[in-house]
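Take a look at the structure below.
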Amino acid sequence: MSGAGSKRIAVIPGDGIGPEVVQSALEVLDAAGAHFEPVPLEIGLARWKKTGLAMSDEDLETIRQCDCILFGAISTPPDSNYRSVLLRIRKELDLFANIRPFRSNELDFIIVRPAIWRCRGTI
């Protein structure tokens with residue numbers, strides 16, 4: 001999965017089904033011969049339960065130094081002390097949309113799904 005000139009991918013398995021999905025995605029990328037450097041990060045609910053912090057400023061800086069994020073599912077508990085990881089990443093990195101390309105034999109298009117509709121409140 002690594003190689004000269006490879007991209008750095010922040011790998012955030014998250015919670016729930018996230019770790020299983022991310023592991024499968026990594027296996028698919030490896031089988032496809034993708035060259036990248038995985039940068040694993042423990043971010044999310046499980047970490048918050050252990051440390052009281054779902055994502056640190058250092059984690060965010062590591063994410064900034066990567067080329068992209070492979071992001072699993074992240075739970076947000078109904079607790080006023082929990083800062084939403086997804087909303088923080090969206091705000092701090094000025095992300096406004098999820099880009100989802102789709103190709104088949106007859107179609108070639110990109111779905112742009114706005115990712116800011118839940119960012120109106122405070123983080």
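A short reminder: the numbers here are calculations on the coordinates, not readings from a lab. Just so we're clear, the structure is a prediction, and the values are computed from it rather than from any experiment. All Cβ positions, even for glycine, are placed from backbone atoms using ideal geometry, and neighbour counts span all protein chains on display.
On the basis of the beta-carbon distance and an R0 of 25 Å, VAL112 and THR51 show a calculated FRET efficiency of 0.10. Each Cα pair under 8 Å and six or more residues apart adds its sequence gap; the mean of these over the residue count of the chain is a relative contact order of 26 percent.
Taking other Cβ within 10 Å of each residue's Cβ, how do VAL39, VAL112 sort, fewest first? Don't skip to the end; give the middle numbers.
Details: VAL39 17, VAL112 11.
Sorted ascending by nearby Cβ count, the order is VAL112, VAL39.
For semi-axes √(5λ) of the Cα gyration tensor in Å, which listed value, (1) 26, 19, 14; (2) 39, 16, 11; (3) 23, 16, 13, comes from the coordinates shown? Read-out taken from this structure: (1).
Taking amide H positions as modeled 1.01 Å from N, with prolines and chain starts lacking one, the residues under 5 Å from ASP15 and 5 or more places away or on another chain are ALA73, ILE74, SER75.
Modelled spin labels at GLN23 and ARG64, positioned 7 Å past Cα toward Cβ, are 3.3 nm from each other.
Take the Cα of LYS91, step 7 Å toward its Cβ, do the same at ALA31, and the gap between the two points is 4.0 nm. Restricting the chymotrypsin sites (Phe, Trp or Tyr not before Pro) of the range 61-104 to loop positions (DSSP other than H, G, I, E, B) with no more than 13 neighbouring Cβ atoms within 10 Å leaves PHE96. From its DSSP helices (H runs of at least four residues, each -39,500 (n - 2.57)), the chain gives a residue-normalised ellipticity at 222 nm of -8500 deg cm²/dmol.
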